[in-house]
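Beneath this line is the structure, given in structure tokens, with notes to follow.
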Amino acid sequence: MKQHSLGEGSVVVQVSEVVSSFREELDEYKEVINENTSEIQTNFSYLSQIDQKIARLTERLDELCLMMHQLNHAVQVKGADPVQITPLTSREKEVFFVLYTMGHTQPFVSYRQLAQRLLMSESQVGSFVACLISKGIPIRKKFHLNHAYVALDDAFRELQAKENVVGLNAKLNAWL
């Protein structure tokens, strides 16, 4: 019986050593995983900060480009008596008219608001706004929380009201 209990004792000791060794290895793996998780979290935080900075830089760059375009347009307008607007397509006139009328009730209009009113996507609205700007319509643009807002230049709004520079007609007004 003593031999049997000695054998059982050595087996228990061996199993205990294996379990202890296994536990130590698992603890080491756990520490490595925790270190890697911390490193991943730090990298994610850093990348998120960089992404936010890039978004702000993009907004500022868009604002600067728009300001440069408006300054160039203002210099051209001061040099010439009449405002020169490239003729607009019927759809561009619709976008202009909605921006013009919505601008009476609020200082800036979002692309989403324009898209809902015109029954088109926000990206289409963005394309039409870009076309309006390229054709000489002075549009102010601002960004807030990664959303673009636009408004007609106040002086141009007054000029449009007095002289119908864009050439809106009664049919378009009745349609909208």
| request: Sort out which residues of segment 150-162 are farther than 15 Å from M67 by Cβ and not in a helix (DSSP H, G or I), and write them in order of number. | output: L152
| query | When you look at E92, is it under 18 Å from N146 (Cα atoms) and either touching a residue at least 60 places away in the same chain (Cβ under 8 Å) or of a type in the set (D, E) (or both), yes or no? | reply | no
| Tabulated pairs, segment 54-68, first within 11 Å of R140 (Cα to Cα), second β-branched (V, I, T), C-beta under 9 angstrom, 6+ apart or interchain | L66/I133; L66/I139
| query | Does segment 123-137 hold any residues that are in contact with a Phe, Trp or Tyr (Cβ under 9 Å, 6 or more places away or on another chain) and without any contact (Cβ under 8 Å) to a residue 12 or more places away in the chain, and which are they? | reply | S123
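Every number in this text was worked out from the coordinates using simple rules, so none of it is lab data. All values reported here derive from a predicted model rather than from experimental measurement. Glycine also receives a Cβ, built like all others from the backbone with ideal geometry; neighbour counts cover every protein chain displayed.
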